[in-house]
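What follows is one structure encoded as structure tokens, with my remarks underneath.
Values quoted throughout were computed directly from the atomic coordinates according to the rules given, and no laboratory measurement underlies them. Everything numeric in this text was worked out from a predicted model, so none of it was measured. As a convention, Cβ positions derive from the backbone with ideal geometry for all residues, glycine included, and neighbour counts pool all protein chains shown.
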Amino acid sequence: IPLDAALAQAETLLAPGGYVLIADLFRTDAPGKGPLRARHKLSRFRQELAGSRFRILVDEDITPQIAPTVVLIGQLWGRYGIPGAKALFAYFRSRHPWQARLLWMLLGWKARRLQAKFDPARYTAEAFARHCTYRLMLLEKTAR
């Protein structure tokens, strides 16, 4: 959701004193890519809020409570997702060798990219906390 559009829409829907509850994943300012892709930087979101009619009543960082879920995602990809995809392609290759070769020539780069993206080693609590912050925020519309 575009930040400016979401805040503008919330401003039109709420009367002064109305609330918005946000539970969402934000990017930190850390360089590089984390295991999960958060669309908005927290610093930019705070800038947008500063120019809006909302004030923050509660801003709780619940990243440590969410991090075990990210580790579980990595474990699931490592144990089931990647091996399952490889087994499926091996079966297809055994039944249709020429089509599999053609498919690999056309889409092999995409498969390698997906395998790197879903590498279980990327899904650590530390990497998640470095690149992402999961926030629980309560905003109130001011009368301004």
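Here is how the numbers come out for the structure above:
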| read-out | value |
| --- | --- |
| Net charge of Cβ neighbours under 12 Å - reference residue 133; Lys, Arg +1; Asp, Glu -1 | 0 |
| Added length on full extension, which subtracts the Cα-Cα distance from 0.36 nm per residue, residue 98 to residue 79 | 4.0 nm |
| Ratio of the Cα radius of gyration of the chain to 2.2 N^0.38 Å, where N counts its residues | 1.45 |
| In degrees, nearest ten, helix 82-95 long axis to first principal axis of the chain (Cα) | 40 degrees |
| Sum of -39500 (n - 2.57) over DSSP H runs of 4+, divided by residues of the chain (222 nm, nearest 500) | -16500 deg cm²/dmol |
| For the range 1-33 versus the range 43-102, the gap between their alpha-carbon centres in whole angstrom | 21 Å |
| Long-range lysine pairs (8 or more apart or interchain), the chain, Cα under 30 Å | 9 |
| Table column - 3J(HN,Hα) (Hz), the range 118-135, Karplus curve with 6.51, -1.76, 1.60, x for Gly and Pro | 9, 4, x, 5, 6, 8, 10, 4, 5, 5, 4, 5, 6, 9, 9, 9, 9, 10 |
| ³J(HN,Hα) computed for each position of the range 33-50 - Karplus, 6.51 cos²θ - 1.76 cosθ + 1.60, integer Hz, glycine/proline x | 10, x, x, 10, 9, 9, 6, 10, 7, 4, 4, 5, 4, 5, 5, 4, 5, 4 |
